[in-house]
Amino acid sequence: MTTPLLSIKGLTKAYPGVVANDDVSFDIGQSEVHALLGENGAGKSTLVKMIYGLVKPDSGTMTWQGKSFTPADPKTARASGVAMVFQHFSLFDALKVSENVALGMENPPPMRDLARKIRRVSETYGLPLDPNRIVGDLSAGERQRVEIIRCLLQDPKLLIMDEPTSVLTPQEVDILFKTLNKLRDEGTSILYISHKLEEIRKLCDHATILRLGKNVGECVPAETSARDMAELMVGDTLQTPTRSTEKTGDVVLDVSGLTLEPTSPFGTTLKNIHFTVSAGEILGIGGVAGNGQDELLSALSGESLTWPDAVKVKGQDVANLGPNARRERGILCAPEERLGHAAAPDMSLTENALLTGAIRENLTNNGFVNWASTNDFAKSIIERFDVRTPGTHVAARALSGGNLQKFVIGREVLQRPEVLVVNQPTWGVDAAAAAAIRQALLDLAAEGAAIVVISQDLDELMEISDRFGALNEGRLSDIRPAAGLTVDEIGLMMGGAHGMEVAHVGDEEKEGAEA
Amino acid sequence: MDLSAINPVLLIASLMVAATPLLLAAIGELIVERSGVLNLGVEGMMIIGAIAGFAISVETTSPMLGLLAAMGAGAVLSLLFAFLTQFALANQVASGLALTLFGLGLSALMGQSYVGVKPPAMAKLDLPILSDIPVLGPIFFSHDPVLYFGIALTAAVWWFLKKSRAGLILRAVGESHDAAHALGYNVIRVRILAIMFGGACAGLGGAYISLIRVPQWTEGMTAGIGWIALALVVFASWKPWRVLLGAYLFGGINVLQLNLQAAGIAIPVEYLAMSPYLITILVLVIMSADKSGAPASLGRTFHASQ
């Protein structure tokens, strides 16, 4: 066997209170697509930050093409041939595409040459991109192209991709995979981080599975079932949520002709949105991030007021009511951003329970807070939703993402909503907690609530929703029954491939040979 | 009232002088804010520059050494701000306000023995032939070197931000310090250098008032120019040439209203005195109607947590 490109031995990194990586070892071969698999908090990000020179390991060694490899900073790592596409893009909204690319390079050519190079590489790999556009105006998929092209211009030997498909439509994922396969054929190794098992089975040659910072197994994904990999990842058998009833009642939530300007400079305008949700029904709304999800939630929660009759609940116009007036009528929401939107980070769980529960749970009396019953309410959320925390006095910030998510969803579910709108209910939550949250939503629907689930996780939407629609550039597709929808149909509802093309590296070589 | 007493050639020449301290301070603050730092201590750094430049040029009888000392003093004072905000992670607004109050107090203390002293005069740049052109000569070619330096600095800052790689890194740090850090740029170092540049420019602007424009030392003689500079940067949408335009507009109306006062025009003095502020802000507000916004990380504290 030839020397691996990068060999990792016994890598350990501890932060106060948590060991992010504990004695992790694996090899990445030449021209290999290697998957790094694990749940949120398994230590995948810390591991790649060490390879990229952003974090120094406490102990352990890395060997790059047979030589010791200790990158002190990203510059050294890039000089060796490591390139990275970040999960939360490391892009600058107010700068141009070409400027963003230049910032990720050691010795960028003059801007005009660089723009030409960007055009050429982007066309070769089927990732069309205008170097003069401002990044803040680009879609999530286009932003990712900027990151990928920034990496490709440096001729990397190892390309690290951290959760690259979470912002793409299925069609865009296919094209990305073709690009990655092309790169592998050209001799580039790829370290691919994900928790989406089917993707890994399709793309990767080899997989390393991390759990709680430890390497718990390796496998060849094509020969291993998704279920086996999932159980290695979780360390437990998985519960699949079940739905008890299928019957739905009268229309509860009626949205018609909803148009809304965004409040943030790079937001999306909602354009003429229509849908209805009946009692006992779950409507799933998919779509790539940044296509109007946040705006739709704020129009339904009452944070943004809209034209009269755009939002009606049980025939009554609520378009002009603020969040508290809507809560009185049983319309509750759980936004995507847990810290700072769904919960106040530095306030205790009791105080956070009060913030949305005061009205429906009668927690105030003539303007005075009834702390005893508020505390009981917070306790009941913690018990019912298995929130792991020392007590109700703990600040929201101190909870892990999954636990806080269970708390904010539980807080709304326990207020017996008639309409519940949730955005990304299981984002960053481990598989077991995600299953519990989905089960709670299904149970709530069975009790007769109308539920809108906005999510970018298509598997989740297919699992729990009765009907499905997708947001694309602020427009909502036709709503269709979820059962029987194919991935291709869903992808088209999400807006297809957004102008991407399949990589044509081969074509160019052919042309070059002819010329 | 005798408007004919106002000489337009002298008026234009003196508006350029009146605008220069504001221009210098604002260009410095523009770089600081483009790196994502809000330093409200401009007034304090200016007045420290004013007294340091005054004292050194009186003691050494060299105005040039005085100007250099003023830049050094402004930069040293700004280092205090840099330490507080970049290492101690103190709040930028509070630290900047403290810097202004500290500068005003310290300059009054340092300047006690310099009240009423006359500083050595700065030689005007003598350009034979050019200075002798009628009208254009007195307006454009018979000023002190610092005035030309201010215009050259504006051009240099524009070029730096627009064309140079270092300028691109500076803007990137101001846009998103987290992303810049992830790409391996040293956010703290970039910001400290920017803060020191801002301090040096403010110091030079202050010394220009005490050595060239007035020239004498009185307590609190910068009289709010530092605050105008801060507002100017915002209203100029963080663009160097607009800062120059705003500074000249402010200087021009200021000189004009002083001339009008002297000519005894029948408008109450208070209205004339407030006019430069009003008109400058009005014009720049109209110009900043395009959506070029503030640097996204402006005023946010950066801490490399991992």
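The values are calculated or read from the model by the stated rules, or taken from the named source; none is laboratory data. Not measured: the values here are computed from a predicted model. Cβ sites come from the backbone with ideal geometry, for glycine too, and all protein chains shown count toward neighbours.
Does A:THR70 fit the bill of being part of a loop (DSSP other than H, G, I, E, B), closer than 29 Å to B:ASN186 by Cβ and either among the β-branched types (Val, Ile, Thr) or within 14 Å of chain B (Cβ to nearest Cβ) (or both)? In short, yes. Would region A:145-165 turn up any residue that is surrounded by fewer than 21 Cβ atoms within 10 Å (Cβ to Cβ), acidic (Asp, Glu), away from chain B (no Cβ under 14 Å) and over 19 Å from A:TYR52 (Cβ atoms)? Checked against the condition, which is being surrounded by fewer than 21 Cβ atoms within 10 Å (Cβ to Cβ), acidic (Asp, Glu), away from chain B (no Cβ under 14 Å) and over 19 Å from A:TYR52 (Cβ atoms), region A:145-165 yields no hits at all.
Of the residues that sit in region A:104-117 and are farther than 12 Å from A:LEU153 by Cβ and assigned to a helix (DSSP H, G or I), which one is nearest to the other protein chains (Cβ to nearest Cβ)? Only one residue fits best here, namely A:MET111. Restricting the search to region B:134-162, which residues are within 14 Å of chain A (Cβ to nearest Cβ) and not in a helix (DSSP H, G or I)? Listed by number, the list is empty, since nothing qualifies. Of all residues in region A:425-449, those that are within 19 Å of the chain's Cα centre (by Cα) and either under 18 Å from A:VAL277 (Cβ atoms) or not in a loop (DSSP other than H, G, I, E, B) (or both) total 9. Selection of region A:130-153 for residues being part of a loop (DSSP other than H, G, I, E, B) and modelled with pLDDT of 85 or more yields A:ASP130, A:PRO131, A:ASN132, A:ARG133, A:LEU153. Looking only at residues in region A:469-498 that are in a strand (DSSP E or B) and over 19 Å from the mean Cα position of the chain (by Cα), the one that is surrounded by the fewest Cβ atoms within 10 Å (Cβ to Cβ) is A:PRO481. Within region A:55-67, if we keep just the residues that are within 14 Å of chain B (Cβ to nearest Cβ) and buried (at least 17 other Cβ atoms within 10 Å of the Cβ), the residue that is farthest from the chain's Cα centre (by Cα) turns out to be A:PRO57. When we screen A:TYR52, A:TYR125 for residues that are of a type in the set (Ser, Thr, Tyr), in contact (Cβ under 8 Å) with a residue 24 or more places away in the chain, under 20 Å from A:GLU32 (Cα atoms) and within 14 Å of chain B (Cβ to nearest Cβ), the only hit is A:TYR52.
Just one of the listed residues (B:LEU284, B:LEU256, B:LEU245) is out of contact with any Pro (no Cβ under 6 Å at 6 or more places or on another chain) and at pLDDT 90 or above, namely B:LEU245.
Can you pull out every residue in region A:23-35 that is buried (at least 18 other Cβ atoms within 10 Å of the Cβ), of a type in the set (D, E, K, R) and part of a strand (DSSP E or B)? Matches in region A:23-35: A:ASP27 only. Considering only residues in region A:318-341 that are among the aliphatic types (A, V, I, L, M) and modelled with pLDDT of 90 or more, the one that is surrounded by the fewest Cβ atoms within 10 Å (Cβ to Cβ) turns out to be A:ALA325. Can A:VAL387 be described as more than 18 Å from A:VAL421 (Cα to Cα), at pLDDT below 90 and of a type in the set (A, V, I, L, M, F, W, C)? Against the criterion (more than 18 Å from A:VAL421 (Cα to Cα), at pLDDT below 90 and of a type in the set (A, V, I, L, M, F, W, C)), A:VAL387 qualifies. The single condition from (1) in contact with a helix residue (DSSP H, G or I) (Cβ under 7 Å, 6 or more places away or on another chain); (2) more than 28 Å from A:ASP228 (Cα to Cα) that A:GLU199 fails is (2). Residues in region B:20-68 that are under 22 Å from B:ALA156 (Cα atoms) and surrounded by fewer than 24 Cβ atoms within 10 Å (Cβ to Cβ): B:GLU33, B:LEU38, B:MET64, B:LEU68.
For region B:287-302, the set of residues classified as at pLDDT below 80 and more than 14 Å from chain A (Cβ to nearest Cβ) consists of B:MET287, B:SER288, B:ALA289, listed by residue number. Looking only at region A:277-311, residues that are buried (at least 17 other Cβ atoms within 10 Å of the Cβ) and without any contact (Cβ under 8 Å) to a residue 40 or more places away in the chain come to 3 in all.
When A:ILE51 is tested against (1) under 20 Å from A:THR179 (Cβ atoms); (2) modelled with pLDDT of 90 or more, just one condition goes unmet, and that condition is (1).
Figure legend. Inter-residue proximity from region A:149-174: first residues within 23 Å of A:ASP130 (Cβ to Cβ), second residues part of a helix (DSSP H, G or I) and of a type in the set (Lys, Arg), beta-carbon distance below 8 Å, spacing 6+ or different chains. Indicated pairs: A:LEU153/A:LYS117; A:GLN154/A:ARG78; A:VAL167/A:ARG143. Of the helices (runs of 4 or more DSSP H) lying entirely inside region A:312-417, those containing at least 3 residues that are in the same structural domain as A:ILE454 (by TED's automatic domain parsing), touching a residue at least 40 places away in the same chain (Cβ under 8 Å) and within 28 Å of the chain's Cα centre (by Cα) span A:349-357, A:401-413. Here is the figure for region A:74-103: residues that are surrounded by 15 or more Cβ atoms within 10 Å (Cβ to Cβ) and within 9 Å of chain B (Cβ to nearest Cβ) total 17.
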